[in-house]
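The values are calculated or read from the model by the stated rules, or taken from the named source; none is laboratory data. Please read all numbers here as calculations on a predicted model, not as lab measurements. Methodologically, a virtual Cβ is constructed for each residue, glycine included, from the backbone with ideal geometry; neighbour enumeration extends over all protein chains shown.
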Amino acid sequence: MTVGQERKLVTEIPGPRSVELMARVRRSVARGIGIALPVFVTEAGGGIVVDADGNQLIDLGSGIAVTNVGNAAPQVVSAVQEQVARFTHTCFMVTPYAGYLEVCEALNRITPGDHEKRSVLLNSGAEAVENAVKIARSHTRRNAVVVFDHGYHGRTNLTMAMTAKNAPYKDGFGPFAPEVYRVPTSYPYRDGLSGPEAAARAVASIEKYVGASNVACVVIEPIHGEGGFVVPAPGFLPAVAEWCRSAGVVFVADEIQTGFGRTGDLFACSHEGVVPDLITLAKGIAGGLPLAAVTGRAEIMDAPHVSGLGGTYGGNPVACAASLAAISMMEAEDLPARAREIGEIMLPALRDLAARHPIIGDVRGRGAMIAIELVTASGEPDPIATGEIARACHAEGMVVLTAGTYGNVLRFLPPLVMPPELLREALSLLAKVFDAR
């Protein structure tokens with residue numbers, strides 16, 4: 001990589017060039033686009049992003065879990081350059097090309113389960129979720145969609161209905177798509193339930209308020225992402241998946257944020273041996289290029305009629321080339337193992353920090369998908385302190401993100417290729433921020 005793997009601050013954050021560019025943003029970009037850290041990136045690689053003022057910031061966001069293989073990974077760059085020189089688009093539905101087929105073959109091979117599978121390629125995570133619902137409804141001839149508290153599935157009309165948190169994702173944008181039902185999830189820090197107990201509560205809600213015979217699919221993130229990196233108690237996911245099998249309900253694992261090595265397994269549902277009927281994929285699938293997919297059991301995926309699935313840009317050839325290179329890199333360099341190593345560095349350090357600072361109510365996560373939940377002295381969510389700490393981290397030259405239904409979670413998503421010494425520096429800076437409060 002060409003970007004030096006060291007933090008370097010040459011101006012305050014944001015610097016004068018970024019401030020100038022932000023003034024142009026306010027004149028040209030719709031105000032509904034929120035920006036967490038107003039520095040303008042000119043280059044990135046490994047665990048560093050470089051801004052327009054020459055500052056080098058430690059990247060603990062990965063573009064929201066997208067650049068798992070690193071930014072501008074040479075293998076991805078080379079594959080993209082070669083494909084761009086050949087052709088940029090034909091539309092697979094008009095005149096197909098091998099890249100789309102090869103990505104589908106790769107996804108059918110690497111996703112959980114050894115059953116026969118099919119895949120469809122799309123543009124975004126929300127589009128993947130919508131198509132998973134379409135496929136499940138076509139297969140079951142049922143309408144109801146069951147989702148969970150603290151879940152996030154996108155910003156389209158249907159996926160807003162499926163997303164739990166109102167502001168900023170849903171507020172003022174209704175009415176939403178019907179036949180979406182929300183049930184309690186497993187949130188060990190706040191509910192104290194075992195996995196089987198939490199699953200029994202969820203199933204009871206489905207059977208009482210929806211009726212099993214009406215449910216087309218249950219859609220769940222194996223670890224809730226935007227909802228605060230909520231890791232369900234052991235046994236919760238397997239029990240929900242087993243109920244789905246017994247009730248003829250399609251079990252959909254939304255692995256858009258958790259997939260492609262992020263949690264220490266190639267896919268997070270494998271942690272407890274859960275094999276979904278359908279799996280939705282995006283974010284880390286293509287090293288930063290826009291691509292998404294639904295992969296699943298052949299008999300379910302083949303339920304929609306011919307031309308019932310598709311889209312002009314779905315499976316764009318350049319994005320497919322990037323995806324094949326990224327998947328090859330994940331396997332060749334065993335990036336899930338790198339994610340586990342990141343977790344082994346981060347979790348003990350964050351637990352030590354929590355022992356010194358009671359504002360940290362919970363440390364949780366798996367692999368390179370880690371979070372801390374910040375609370376008041378009475379244990380209530382503390383979104384104000386969370387925002388203050390995030391801004392202090394930004395000033396120190398670190399890209400960090402907030403999350404959580406209550407806005408009180410700091411989440412950490414370092415690229416899986418981040419050098420360990422850079423990660424340790426980030427943790428030292430985080431400790432400095434907390435110690436200064």
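If you check 6, 116, 43, which single one turns out to be farther than 24 Å from residue 423 by Cβ and among the acidic types (Asp, Glu)? Working first, answer last.
On the way: 6 fails: farther than 24 Å from residue 423 by Cβ; 43 fails: farther than 24 Å from residue 423 by Cβ.
Unique residue meeting the criteria: 116.
Return the residues of the range 204-230 that are β-branched (Val, Ile, Thr), assigned to a loop (DSSP other than H, G, I, E, B) and surrounded by fewer than 24 Cβ atoms within 10 Å (Cβ to Cβ); say none if nothing qualifies.
Quick first cut of the range 204-230, residues β-branched (Val, Ile, Thr) only: 206, 210, 215, 218-220, 223, 230.
Retained after the next criterion (residues that are assigned to a loop (DSSP other than H, G, I, E, B)): 210, 223.
If the condition is that a residue be β-branched (Val, Ile, Thr), assigned to a loop (DSSP other than H, G, I, E, B) and surrounded by fewer than 24 Cβ atoms within 10 Å (Cβ to Cβ), then 210 is the only one that fits.
Return yes or no: is residue 375 of a type in the set (Val, Ile, Thr), under 20 Å from the mean Cα position of the chain (by Cα) and in the same structural domain as residue 423 (by TED's automatic domain parsing)? Please lay out each step first, then the result.
Values: of a type in the set (Val, Ile, Thr): yes; under 20 Å from the mean Cα position of the chain (by Cα): no; in the same structural domain as residue 423 (by TED's automatic domain parsing): yes.
In short, no.
Just a yes or no: is a residue in the range 177-193 surrounded by fewer than 23 Cβ atoms within 10 Å (Cβ to Cβ), in the same structural domain as residue 154 (by TED's automatic domain parsing) and in contact with a Leu (Cβ under 8 Å, 6 or more places away or on another chain)?
Checking the range 177-193: at least one residue is surrounded by fewer than 23 Cβ atoms within 10 Å (Cβ to Cβ), in the same structural domain as residue 154 (by TED's automatic domain parsing) and in contact with a Leu (Cβ under 8 Å, 6 or more places away or on another chain).
Mind checking which residues of the range 299-348 are small (Gly, Ala, Ser), touching a strand residue (DSSP E or B) at 6+ places or on another chain (Cβ under 9 Å) and over 19 Å from residue 267 (Cα atoms)?
Once the filter is applied, which keeps residues that are small (Gly, Ala, Ser), touching a strand residue (DSSP E or B) at 6+ places or on another chain (Cβ under 9 Å) and over 19 Å from residue 267 (Cα atoms), the range 299-348 yields 310, 311, 314, 315, 319.
Which condition number in (1) part of a helix (DSSP H, G or I); (2) over 26 Å from residue 190 (Cβ atoms) is the one that residue 415 fails?
Single failed check for residue 415: (1).
Is it the case, given these coordinates, that residue 34 is in contact (Cβ under 8 Å) with a residue 60 or more places away in the chain and assigned by TED's automatic domain parsing to the domain that holds residue 428?
Criteria met by residue 34.
Is it the case that the range 244-254 has a residue that's over 25 Å from residue 288 (Cα atoms) and out of contact with any strand residue (DSSP E or B) (no Cβ under 8 Å at 6 or more places or on another chain)?
Yes, the range 244-254 has at least one match.
On the given criteria, is residue 66 among the β-branched types (Val, Ile, Thr) and more than 30 Å from residue 19 (Cβ to Cβ)? Steps first, answer last, please.
Numbers: among the β-branched types (Val, Ile, Thr): yes; more than 30 Å from residue 19 (Cβ to Cβ): no.
It is false that residue 66 is among the β-branched types (Val, Ile, Thr) and more than 30 Å from residue 19 (Cβ to Cβ).
Is there a residue in the range 16-33 that is modelled with pLDDT of 95 or more, part of a helix (DSSP H, G or I) and closer than 24 Å to residue 430 by Cα?
Yes, there is a match, as at least one residue in the range 16-33 is modelled with pLDDT of 95 or more, part of a helix (DSSP H, G or I) and closer than 24 Å to residue 430 by Cα.
Only one of 129, 146, 103, 120 is in the same structural domain as residue 286 (by TED's automatic domain parsing), over 30 Å from residue 87 (Cα atoms) and hydrophobic (A, V, I, L, M, F, W, C). Can you tell me which?
Just one listed residue meets the conditions, 146.
Any idea which of 292, 349 is assigned by TED's automatic domain parsing to the domain that holds residue 112 and aliphatic (A, V, I, L, M)?
One residue alone meets the criteria, 292.
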